[in-house]
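Here is the structure we will look at, set down as structure tokens.
The values are calculated or read from the model by the stated rules, or taken from the named source; none is laboratory data. Please read all numbers here as calculations on a predicted model, not as lab measurements. Positions of Cβ are generated from backbone atoms using ideal geometry, with glycine treated the same way; all protein chains shown enter the neighbour counts. Side chains included, ligands, DNA and RNA excluded: accessible areas come from the protein's heavy atoms. Shrake-Rupley method; radii C 1.70, N 1.55, O 1.52, S 1.80 Å.
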Amino acid sequence: MIAQLDKVYLQYGKRFALRRLASYLFFEGRPHTTRGQWVNPFINGFLRLLAALPGEVKADRPIYITGLGRSGTTILGKILSLHEDVGFLNEPKLMWAIAEARTDICGDYRVSDGRFLLNAEEVHPETQRTIHRILTRYARMVGAKRALDKYPEFIFRIDYLKRISPDAKIIFIARNGYDVVASVAHWSQTKGVQVGKRTDDWWGRDDVKWNYLHKQIIQANPEYSEVAQLRSEAFDHVNRAAMEWILTMRQGLHEIESRPEQIYRLNYEDLIQQPVEQLIPLLQACELPISDNVLTYSKKVLYERPRKEKPVLQGPIAVLFDETMQRMGY
């Protein structure tokens, strides 16, 4: 359904449904694989207007969901969006592209110069001002106290994010590689779109996201030298998905080990099995009051799925995959 609304969600009343609809219609752009991209110029103009309105405002402790797509990032955002204090933005990449064009690694709104890795020194004052103005005004418009921004790739930009919002609360959600790789590969194979001779899928507009990932992280890191030497045809959807999972999980572990007090790790499997027990400490870590809506909705919509089989991978990727599974505790 539109704006990720479902029948169970609608049972919690018009207030939350309208908040979610407003977020979707006026603040979230349409990425390259979805319909309705014709609305992007209107959303772009509206966001730029919010950013241009004068005033030195500061977003109050924004919450960020990071990790890898197909790992429970969306359902976690939906669950938390039923908190009275929270307004949920589901991958507001257009907002970030307006503030900093290099954040767009999928080619949704910019066609070049995307960067997976951004550090604190690269934060421009205008970027910081733009994000705070939009997030603050977004929260006011939807009647929320806090903005929740689900943007998985920001696990690669934690220093950058903390410079923009030092009081940000950051969640890293992890899921086992068997299920994530199968899900990413299936998504890309079934939801990719053909535009002339160009393919737009999980790997960005005409493979731009994969090219950034390969050049900026795999080729630049000696740890992945054997993978970098593989021929391009070795990287089918499954092997690409495995490498993205490996790189994302390792980045998440690095960030947690470097700053355990600033990154909250949540395992998708634990959330499925014990939603209440997992969500109560998560809410506390985010400095949010315990919410009956959040807890009851989670128990209604979360359920276990059969574990997928181990993916068949290229030799050096398989080695890294097994090592990462062990490091993650799977």
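Is the stretch 124-146 home to any residue that is touching a helix residue (DSSP H, G or I) at 6+ places or on another chain (Cβ under 8 Å) and part of a strand (DSSP E or B)? The answer is yes, given that some residue of the stretch 124-146 is touching a helix residue (DSSP H, G or I) at 6+ places or on another chain (Cβ under 8 Å) and part of a strand (DSSP E or B).
Looking at the stretch 131-158 only, could you name the residues that are open to solvent by 10 Å² or more (accessible area, probe 1.4 Å) and over 15 Å from MET95 (Cα atoms)? Passing the criteria: ARG140, MET141, VAL142, GLY143, ALA144, LYS145, PHE156.
Among the residues of the stretch 257-270, write down those that are in a helix (DSSP H, G or I) and under 17 Å from the mean Cα position of the chain (by Cα).
Taking the stretch 257-270 and keeping what is in a helix (DSSP H, G or I), we get 257-258, 268-270.
TYR268 - this is the single residue of the stretch 257-270 that is in a helix (DSSP H, G or I) and under 17 Å from the mean Cα position of the chain (by Cα).
Scanning the stretch 257-287 for residues that are in contact (Cβ under 8 Å) with a residue 12 or more places away in the chain and under 19 Å from GLY67 (Cβ atoms) yields a total of 19. Just one of (1) more than 22 Å from ASP149 (Cα to Cα); (2) open to solvent by 20 Å² or more (accessible area, probe 1.4 Å); (3) in a helix (DSSP H, G or I); (4) touching a Phe, Trp or Tyr at 6+ places or on another chain (Cβ under 9 Å) fails for LYS300. It is (4). Candidates in the stretch 1-26 are the residues that are surrounded by 15 or more Cβ atoms within 10 Å (Cβ to Cβ) and modelled with pLDDT under 95; of these, the one that is nearest to VAL39 (Cα to Cα) is ALA3. Restricting the first member to the stretch 59-72 and to residues that are small (Gly, Ala, Ser), and the second to residues that are assigned to a loop (DSSP other than H, G, I, E, B) and open to solvent by 10 Å² or more (accessible area, probe 1.4 Å), the beta-carbon pairs closer than 7 Å and six or more apart or on different chains are SER71/ARG175; GLY72/ARG175.
Residues of the stretch 35-77 that are closer than 23 Å to LEU295 by Cα, in a loop (DSSP other than H, G, I, E, B) and open to solvent by 40 Å² or more (accessible area, probe 1.4 Å): ARG61, ARG70.
Looking for whichever is of a type outside the set (Phe, Trp, Tyr), within 20 Å of GLY192 (Cα to Cα) and touching a Phe, Trp or Tyr at 6+ places or on another chain (Cβ under 8 Å) here; the options are ARG20, ARG70. Which one fits? Working first, answer last.
Working: ARG20 fails: within 20 Å of GLY192 (Cα to Cα).
Exactly one of ARG20, ARG70 is of a type outside the set (Phe, Trp, Tyr), within 20 Å of GLY192 (Cα to Cα) and touching a Phe, Trp or Tyr at 6+ places or on another chain (Cβ under 8 Å), namely ARG70.
Yes/no matrix, rows are residues, columns are (1) under 23 Å from the mean Cα position of the chain (by Cα); (2) modelled with pLDDT under 95; (3) closer than 16 Å to SER81 by Cβ:
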| site | (1), (2), (3) |
| --- | --- |
| ILE272 | yes, no, no |
| VAL276 | yes, no, no |
| ALA285 | yes, no, no |
| ASP292 | no, no, yes |
| LEU295 | yes, no, yes |
| SER298 | yes, no, yes |
| LEU302 | yes, no, yes |
| ARG305 | yes, yes, no |
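Among what's in the stretch 78-119 and is of a type in the set (Ser, Thr, Tyr) and either part of a strand (DSSP E or B) or in contact with a helix residue (DSSP H, G or I) (Cβ under 8 Å, 6 or more places away or on another chain) (or both), pick the residue that is surrounded by the most Cβ atoms within 10 Å (Cβ to Cβ).
SER81
The lone criterion from (1) touching a residue at least 40 places away in the same chain (Cβ under 8 Å); (2) farther than 25 Å from PHE46 by Cβ; (3) in contact with an Asp or Glu (Cβ under 6 Å, 6 or more places away or on another chain) left unmet by ARG198 is number (1).
The single condition from (1) open to solvent by 60 Å² or more (accessible area, probe 1.4 Å); (2) modelled with pLDDT of 95 or more that LEU247 fails is (1).
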